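Asker: Starting off with a structure, shown below.
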Amino acid sequence: FLCQVTCWKWKKLGENMSGVELAEAEYKLSSTKEDKTPGENNDGNASVNQSLDSSSMESHSLLRGYGGGSNHSMTGQGGSDKTNDVPKVVGNPRRKSSLFRTQATKTPEELQEEAIDKKKRSLKINDTTSAVLVSIVIWLCLIENENFYQPDPDIGKTSNESTLWGNYLRAVIMFLTLIIEVTIFAHYRAQLKILKIKKMVPYNCSLCESGLMRYYIPEAFLCAICCPPYFDYTFEGEMLSGTYVYSYNALISVVTLFKAYLIVRLYTHYSRWTSKTAQKICKKYRVTADAKFALKAELKHRPYTILGLWMMIAMV
């Protein structure tokens with residue numbers, strides 16, 4: 001019983017002691033053992049001293065295990081080696097306690113931030129795909145509109161008349177537009193999930209109930225505008241003693257340029273003012289690190305660059 005109590009005491013003490021403190025305790029234990037003289041013990045106390053010696057050896061072995069040493073075997077009266085039953089604990093106890101803290105259960109706030117970061121990464125990939133597809137659609141639309149407007153006497157083509165090549169381009173544009181519609185829906189679905197994780201809307205809230213539908217419908221309608229194949233209709237009128245002729249294909253090509261807002265949306269994903277570090281700093285001051293905040297920050301630090309960029313976009 002005394003041996004078990006001593007081992008339990010040293011085990012609890014070793015869990016809360018550093019390497020230096022463990023070494024000092026081991027030195028005190030060894031010095032206490034050496035101070036005892038053989039004459040002080042009688043035959044009646046021999047068994048007690050033997051128990052204390054065995055408990056001291058187990059305590060030494062336990063201290064060595066906590067201090068980073070290896071386990072040693074104990075030799076009994078018969079000369080046979082007995083393996084120490086104390087489990088081997090390798091390394092500094094402070095280091096192991098920090099390791100246990102990192103592997104401990106995370107707080108709800110940390111789990112919430114991880115879920116939001118995961119959704120934002122998927123949202124970033126989705127918006128990047130939308131921007132790339134819109135860039136391709138705008139480029140193909142301009143090529144098709146040029147082919148539609150220019151006459152070609154060699155094949156008997158007049159102005160505002162589509163060709164087989166132009167109709168193929170329109171079909172490709174329609175297919176890419178369909179994919180863009182899917183990415184736009186995925187964008188607002190991811191936004192809804194982020195609002196649910198932040199507990200800003202109920203968990204069973206739909207897209208209509210969340211208030212995002214008023215943004216989704218105009219955006220989906222704008223991006224769905226495209227010219228179908230063999231749609232060569234025009235309208236004309238009189239102005240300044242003359243007649244003007246416009247094609248619906250030209251008007252649709254102008255509307256297609258407004259889809260470039262999907263490219264501007266990427267700024268919120270790749271700007272340093274909306275990064276994770278910026279969001280943590282803004283959270284301390286109760287500021288939202290969104291596109292509006294990023295634009296204000298850029299205008300403060302690089303005003304001439306931002307204004308020059310916007311002027312180039314306006315001229316194009």
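Asker: Before I look further, what does segment 194-316 give for accessible area per residue, probe 1.4 Å, in whole square angstrom?
Answerer: With the other protein chains kept in place, segment 194-316 gives 76 Å² per residue.
Asker: Hey, if we sort Phe185, Phe221, Phe231, Phe175 by accessible area with the 1.4 Å probe, largest down, what's the order?
Answerer: Most to least solvent-accessible, the answer reads Phe221, Phe175, Phe185, Phe231.
Asker: Okay, moving on. For segment 230-316, I need the span (max minus min coordinate) of the C-alpha atoms along each principal axis, in Å, sorted largest to smallest.
Answerer: Sorted largest first, the three principal extents are 64, 30, 18 Å.
Asker: For segment 216-289, which whole-number percentage of the solvent-accessible area (1.4 Å probe, protein heavy atoms only) is attributable to carbon and sulfur atoms?
Answerer: 64 percent
Asker: Separate question: Can you bin segment 94-233 into rounded, prolate or oblate? Criterion: square roots of the alpha carbon gyration tensor eigenvalues sorted a ≥ b ≥ c, rounded for a/c under 1.5, prolate for a/b above b/c, oblate for the rest.
Answerer: It comes out prolate by the Cα gyration axes.
The values are calculated or read from the model by the stated rules, or taken from the named source; none is laboratory data. Predicted model only: the values in this text are computed from it and were never measured. Only protein heavy atoms, including side chains, enter the accessible area calculation; ligands, DNA and RNA are left aside. Shrake-Rupley method; radii C 1.70, N 1.55, O 1.52, S 1.80 Å.
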